[in-house]
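Beneath this line is the structure, given in structure tokens, with notes to follow.
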Amino acid sequence: MGEARADYIDMVLEQGEPRSGRRKPTRPTTSTSSMSTGVWRSYSPPDVDVTEQEGLFNSYRTAREIRRDRWMYRQHQAELEAVFKEFDEAADEVYDKSEDLARLVGWRVLAGDLLDYVRFRAVCSDWRSATVSPHGHGITDPRFHPRRWMLLPEGHGLHPAGKKRFFNLSTGLFVRHRVPLLVDHLVLCPVDGLLLLQGEHGEGNTLLLLHPFTGDVAVLPSVTSLKKSLRAHLNPHGKYAWLVDVMASLSVSADGIPMIMIAILDFSCVVCATTKDDHWSVLASWSFIPQGRPMSSRGSIYILQCSTGDSELQILGIDPAQYGSGLRPQPPRLIATCPPGTIYPPRHLVECDSEILLVGYTNYTISSRMLVYRVADLIQGSVVPLTSIQGNALLVRFGWSLSVSFKAMPTVVGDTIVGMYHDGMNT
């Protein structure tokens, strides 16, 4: 293409006007005939390289297409960014809702069993972060109390090293869990699935409240303080060497402060303290012999009183509302009565599905049948025995009573009461 342009310039210079600095070419002197027959050097277009022109055109078209594609990409990128932004906002909203949903489901699972809640939190990190950890809340939050789990006794309150066996009264599940504090601490009694411990040997002055699964510990006022309170209110010369026959009840204030009541049956009194106190207070005392064994439920302690088998049966209660009154120990308050001749001993109080039940017999004869009354009905004045205990089984004896789901003990038929009474060396 460069050579064609050079030839064209030479032709113009030869035929056109002279440029400055150049001599005008002399016209040939010929005759008219020669003029007529002669010809000027005619213009012929230079040769064009078609391939090169097509290459230039294709390159121009390619550049144009590139610019067009870039513009379309930017437009598409802006649309994608808008879509992604909308998606992120929707995802954040859904994630917030999923957190609320996971938290709600977690509370529903916890209402059934604590270990199911632990397994629920172990599914993924999102569910774990959306729900409350039991650690650090095992004592101060009643929702984390393992009420339906019981520690199987061994070693007369002291447990050898190793994992301990726990039994679920609702599902029948056994688990083995390591509880280091049980090696050198005496288990006084369970309370809502927690364990009331007293130090053994050199640590015998300590009283602790332990959550066996989370390891949370609440320190209570010392045994020395407890003995001092008993001497001040009961017998100044009493020894009060060991806390042997005790039961406890636990309540938690709105501020998350646990308060425990301990019924010391050998001395017919109830003491109480919070984890913020440095001493124990004697809350209540009585001078009668209780019918059966007292029981604890939902922060209160219940006692049966009856002078004779045919007299009116009274159900007495001790609750935390009496604590802090500043008065001397008060007698338990009357909450319900059962008419004479309605139910005969041996009588027991037992908690079943969050209800307090009164269990006894129709008469003294060998053909007597067992009766079950709901204490809530007795409080309302309704003396009608239950015809079903919702498929549960009641295990009753003088030392303790409990309810077990028929799912936990397949060999026990539902709506069954099993009475176990000690006779010499046999039960």
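The values are calculated or read from the model by the stated rules, or taken from the named source; none is laboratory data. Just so we're clear, the structure is a prediction, and the values are computed from it rather than from any experiment. Here the Cβ positions follow ideal geometry from the backbone for every residue, glycine too, while neighbour counts run over all protein chains shown. Areas reflect the complete protein model, heavy atoms only, side chains present, ligands, DNA and RNA absent. Shrake-Rupley method; radii C 1.70, N 1.55, O 1.52, S 1.80 Å.
Is it fair to say Arg347 is without any contact (Cβ under 8 Å) to a residue 40 or more places away in the chain and among the basic types (Lys, Arg)? In short, no. Checking each residue in the stretch 282-299 for being part of a strand (DSSP E or B), under 24 Å from Ala232 (Cα atoms) and polar (S, T, N, Q) picks out only Ser285.
Residue count for the stretch 252-279 satisfying the condition of being over 18 Å from Ala321 (Cβ atoms) and over 29 Å from the mean Cα position of the chain (by Cα): 7. Can you pull out the residues in the stretch 123-136 that are open to solvent by 70 Å² or more (accessible area, probe 1.4 Å) and outside any helix (DSSP H, G or I)? Across the stretch 123-136, the qualifying residues are Val123, His135. Checked against the criterion of being over 21 Å from Trp400 (Cβ atoms) and modelled with pLDDT under 90, the candidates Pro290, Pro340 yield just one match: Pro340.
Considering every residue within the stretch 153-160, establish whether at least one is closer than 25 Å to Ala393 by Cα and at pLDDT below 90. Checked against the condition, which is being closer than 25 Å to Ala393 by Cα and at pLDDT below 90, the stretch 153-160 yields at least one hit. For Gly292, the conditions (1) under 36 Å from the mean Cα position of the chain (by Cα); (2) in contact (Cβ under 8 Å) with a residue 60 or more places away in the chain all hold with the exception of (1). Restricting attention to the stretch 352-365 and to residues that are of a type outside the set (Gly, Ala, Ser) and open to solvent by 60 Å² or more (accessible area, probe 1.4 Å), the residue that is farthest from Pro294 (Cα to Cα) turns out to be Thr365. Among residues that are touching a residue at least 12 places away in the same chain (Cβ under 8 Å) and either of a type in the set (Asp, Glu) or buried (at least 20 other Cβ atoms within 10 Å of the Cβ) (or both), Asn205 is not included.
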